[in-house]
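Taking it in order: structure first as structure tokens, then the write-up.
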Amino acid sequence: MKKPYTKPAVLKRDSLATIAATPSISGPAPSDSRLKTAIVPAGTTSSGFNLYDFSYIGQPEVWRGVMAQEVLKTHPEAVSTGSNGFLAVDYGMLGLKMERVN
């Protein structure tokens, strides 16, 4: 059984950058909207997931992926909560890949 969601403690900006520094594309990737900035809609997958271009706070790279909060509503089994309190998405369970845009 999944543990219930609890709001994480407030972290310093540098700590957020560390959490999201290098997302794991094969396993759960940090996909919590609270870790992202410059979020721009980038389309919808054939299976109905909204895609967004975004950067992780404190990082220059731009990625394309989903928002964990949206996935949680329709596919909660693909979302996990890390020990840091932030949500991650297992893209493999959705049949998707998170892609680096630049």
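The values are calculated or read from the model by the stated rules, or taken from the named source; none is laboratory data. Since the structure is predicted, the reported quantities are computational estimates derived from the model, not experimental observations. Don't worry about glycine lacking a Cβ; one is built from the backbone with ideal geometry, like all the others, and counts go over all protein chains shown.
Within the set of pairs 6+ apart or on separate chains, which have a first residue in segment 63-79 that is acidic (Asp, Glu), a second that is assigned to a helix (DSSP H, G or I), and C-beta atoms under 8 Å apart?
The qualifying pairs are GLU77/MET93.
Taking segment 65-84 only, how many residues are small (Gly, Ala, Ser) and in contact with a Lys or Arg (Cβ under 9 Å, 6 or more places away or on another chain)?
Residues that pass the stated criteria total 2.
Looking for something β-branched (Val, Ile, Thr) and at pLDDT below 95 - is there at least one such residue anywhere in segment 11-19?
Yes, that holds for at least one residue.
Would you point out which residue out of GLU77, GLU61, GLU70 is among the acidic types (Asp, Glu), closer than 20 Å to MET93 by Cα, surrounded by fewer than 16 Cβ atoms within 10 Å (Cβ to Cβ) and at pLDDT 95 or above?
Among GLU77, GLU61, GLU70, only GLU77 is among the acidic types (Asp, Glu), closer than 20 Å to MET93 by Cα, surrounded by fewer than 16 Cβ atoms within 10 Å (Cβ to Cβ) and at pLDDT 95 or above.
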